[in-house]
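Q: Shown below is the structure under consideration.
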Amino acid sequence: MKPSLIVHGGAWDIPEEAFEACKEGCGRALEAGWCVLSRGGPALDAVEAAIVELEDAPVFDAGTGSHLNLDGRVECDAIVMDGASLRAGAVACVHRIRNPIRLARAVLERAPHMMLVGEGAERFAAEHGIAQCDPKELITEAELAAWLRCRNDKHAAKYHRGHEQGTVGAVAMDREGRLIAGTSTGGTCCKLPGRVGDSPLIGCGCYADAEAGGVSCTGWGEAIMKIVMAKAAADLLRGCAIADEASGMRAAREAVKVLAERGRGTGGLILLDREGGPAFAFNTPHMAYGYVAGDGTFVTGV
Ligand code: GLY
């Protein structure tokens, strides 16, 4: 089977000065994931490699550069899902994990459960050799400045919406037809400590079913959770008699339409259909995305 890869760096009001950094970040993620897939490697390795690049890019809200919670701490969530087994590995509210997607993968492969949070997740990381860091290392100057500004402004919630949605994700299909989706986020700026959004929740921020497709979402978590957006998009893909470019785009747009109309929210998603066809949609001013086109070229945009 021909491998496929699509990534995103969040649907948000990306300022023009961040366009290049967003496109570069998505480009590096494609390179990392494609390096695995083009050599015949597994989709799980490709999704992990792509998301590690996105987590390490400070322009995105995941890993290093995550938004700070009300206490001024980074609190990350991540998930990875296997479209063959329908098993997921997810973590939430972790503070000292540089690459939460690596921990999500460890949960997928080595835990008897599908989701671990907080202290338990970090203990699991220590027991399974997942690198931990000083939580301060994940805080960037830009996010510290944003947190100080937002914390002192009682209207912050209103303009947070444009500032906060740089969640990252990837969906990959390998030569064997294995389909994997993953999502990672620092959540929303000045969120209450302990808040968990859509990203690590199976069906909300991520879903993969080899019989339908794989989806990774981004945007306002509380609205995405209301409509279980990733599963909604996967169900739309399942309903398509033929998986082609038009049906993938239709499913992506329809799910985002439901987000707007029923969830009253903003955001976006990327997907691969069951044949590996890429599609995406968003209702924010911009979304950072990248995919590998049919001729093997990397396409990135905001
Ligand atoms: N979509 C990311 C979040 O709301 O946490």
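The values are calculated or read from the model by the stated rules, or taken from the named source; none is laboratory data. Being a predicted model, the structure only gives us computed values, none of them experimental. No Cβ is skipped: glycine too gets one built from the backbone with ideal geometry, and neighbour counts run over all protein chains shown. Calculation scope for accessible area: heavy atoms of the full protein, side chains included, ligands and nucleic acids excluded. Shrake-Rupley method; radii C 1.70, N 1.55, O 1.52, S 1.80 Å.
Q: Compute the relative contact order of region 1-141 as a whole-number percentage, counting only Cα pairs closer than 8 Å that sit 6 or more residues apart in sequence.
A: This gives 18 percent for region 1-141.
Q: Another one. Please state the relative contact order of the chain as a whole percent: Cα pairs under 8 Å, 6+ residues apart?
A: The normalised contact order for the chain reaches 25 percent.
Q: Also, quick follow-up: Projecting each Cα onto the charge dipole of region 35-176 (Lys/Arg +1, Asp/Glu -1 at the beta carbon, about the Cα centre), which of A126, A46, I79 comes out farthest on the positive side?
A: I79
Q: Per residue, how big is the convex hull of the chain when only Cα atoms are used? Give it in Å³.
A: So the per-residue Cα hull volume is 110 Å³.
Q: If you place +1 on the Cβ of every Lys and Arg, -1 on the Cβ of every Asp and Glu, and leave all else neutral, what size is the dipole of region 98-140 about its Cα centre, to the nearest 20 Debye?
A: Rounded to the nearest 20 debye, it is 140 debye.
Q: Let me ask something additional. With a 1.4 Å probe and all protein chains left in place, how much accessible area per residue does region 72-225 have, in Å²?
A: Solvent-accessible surface per residue comes out at 39 Å².
Q: Distance from the Cα centre of region 37-96 to that of region 191-267, in angstrom?
A: 17 Å
Q: Place a +1 charge on the Cβ of each Lys and Arg in region 235-302 and a -1 charge on the Cβ of each Asp and Glu, then give the dipole magnitude about the Cα centre in debye, rounded to the nearest 20.
A: The dipole of region 235-302 has a size of about 340 debye.
Q: Net charge around G27, counting only other residues with Cβ within less than 13 Å of its Cβ (Lys, Arg = +1; Asp, Glu = -1)?
A: So the environment of G27 carries a net charge of -2.
Q: Nearest 20 debye, what's the magnitude of the dipole of the chain about its Cα centre given +1 on Lys and Arg Cβ and -1 on Asp and Glu Cβ?
A: Charge dipole of the chain: 700 debye, to the nearest 20.
Q: Convert each backbone phi in region 219-226 into a coupling constant with the Karplus relation 6.51 cos²θ - 1.76 cosθ + 1.60 (shift: θ = phi - 60°), then list the ³J(HN,Hα) values in order as whole Hz, x for Gly and Pro.
A: Result, ordered by residue: x, 6, x, 5, 7, 4, 4, 4 Hz.
Q: Using alpha-carbon pairs under 8 Å, 6+ residues apart, how would you state the relative contact order of region 122-264 in percent?
A: It comes to 16 percent, rounded to a whole number.
Q: Give, as a single signed number, the net charge of other residues whose beta carbon lies under 9 Å from the beta carbon of G277, with Lys and Arg counted +1 and Asp and Glu -1.
A: -3
Q: Longest segment of the chain with no trypsin sites (Lys or Arg not before Pro) in a DSSP loop having at most 14 other Cβ atoms within 10 Å?
A: Result for the longest clean stretch: 40-153.
Q: Which log10 I(q)/I(0) values, to two decimals, does region 200-282 give at q = 0.13 Å⁻¹ under the Debye formula with one point per Cα?
A: For region 200-282, the Cα-only Debye profile gives -0.30.
Q: Tell me, in nm to one decimal, what length is gained between A131 and M114 on full extension, where the rule is 0.36 nm per residue of separation less the Cα-Cα distance?
A: Answer, rounded to one decimal: 4.1 nm.
Q: Related question: Treating the angle as unsigned and between 0 and 90°, give the value, to the nearest 10°, between the Cα long axis of helix 100-110 and the longest Cα principal axis of the chain.
A: Orientation of helix 100-110: about 60 degrees from the principal axis.
Q: Next up: Among H113, F60, V36, whose Cα projects farthest towards the positive end of the dipole of the chain, with charges put on the beta-carbon of Lys, Arg (+1) and Asp, Glu (-1)?
A: Going by the Cα projections, it comes out as H113.
Q: Right, another one. Across region 175-182, in residue order, what do the Karplus-derived ³J(HN,Hα) couplings come to in whole Hz, using 6.51 cos²θ - 1.76 cosθ + 1.60 with θ = phi - 60° and x for Gly and Pro?
A: Each residue of region 175-182 in turn: 4, 7, x, 6, 10, 10, 10, x Hz.
Q: Using the beta-carbon distance between E275 and E20 and R0 = 51 Å, what value does 1/(1 + (r/R0)^6) give for FRET efficiency, to the nearest 0.05?
A: Efficiency, from the Cβ-Cβ distance: 0.95.
Q: Can you figure out the FRET efficiency of I242 with R264, using R₀ = 35 Å and their beta-carbon distance, to the nearest 0.05?
A: 0.60
Q: Excluding A234 itself, what net charge comes from residues whose Cβ is under 10 Å from its Cβ, given Lys and Arg +1 and Asp and Glu -1?
A: -1
Q: From the phi of every residue in region 282-299, what ³J(HN,Hα) in whole Hz does the Karplus formula 6.51 cos²θ - 1.76 cosθ + 1.60 yield, where θ is phi - 60° and glycine or proline is x?
A: With coefficients 6.51, -1.76 and 1.60, one gets 7, 10, 9, x, 8, 9, 7, 8, x, 8, 9, 6, x, 8, x, 7, 8, 10 Hz.
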